[in-house]
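A quick write-up on the structure given underneath.
A short reminder: the numbers here are calculations on the coordinates, not readings from a lab. Every value quoted in this text rests on a predicted model; they were computed, and no experiment measured them. Positions of Cβ are backbone-derived with ideal geometry, glycine not excepted, and every protein chain shown enters the neighbour counts.
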Amino acid sequence: MPLHYSREAYGWNIHRYLYDWVLSWAESPSGAVALFVLAFAESSFFPIPPDVLLIALVLGAREKAWRYAATCSTASIVGGLFGYFIGWGLWYSGGNFSPIAMFFFDYVPGFTVDVFNQVAALYEKYGFWIVFTAGFTPLPYKVITITAGVAKIDIGVFVVASLVSRSLRFLLVAGLIWKFGPPIREFIEKRFNLLAIVFVVLLVGGFVLISYVL
């Protein structure tokens, strides 16, 4: 029987394999190192979010929850700077997309020309909030870090937005696992996207309210 190639099915299988591979590091003595590498890589090109490994590591050693969250946050911020400099210096060649840019468009999940152009168009008006929102919510952070470099937004603004959003995100995940243990894991894995979006809406709404009051 002939085999029929499906790009979607192939992509899902690769994604599932990477997911399982990431989780396997939770049983390794090098789990914390793997978390750092994963969080760094996810900020610029790797498709699996570090929350997966962070949750597993904290479940295995809840007394290390804050240490793991700090490791994840630090690596993600440094990885974000790496993504920023990819966009800043390596994205174009001779006025066209460079081979590095084409690699991202062809092989990095969620990173398309349309998404890149849409995000780039938002920076002029919402620089800080674009980085912050993507840093905390399920929006693809790698698209934001690289596009920020391409747009050459102020690097201080970029670092502050990344520091606040990524730290809040990973501290929240680690804190929930530390407080509630295994029962909260399924909730985080299934509903973290909604939880993150609600948090950002409330936070932004709070800032807007304060601006009107003051």
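Using 1/(1 + (r/R0)^6) with R0 = 45 angstrom and r between the beta carbons of Arg62 and Phe85, what's the FRET efficiency to the nearest 0.05?
Working from the Cβ atoms, E equals 0.80.
Treat the count of other C-beta atoms within 10 Å as a stand-in for reagent exposure and order Ser93, Ser43 from fewest to most.
Ser93, Ser43
Rank these for me by crowding, Arg169, Arg62, going from fewest to most other beta carbons within 10 Å.
Listing Arg169, Arg62 from fewest to most nearby Cβ atoms yields Arg62, Arg169.
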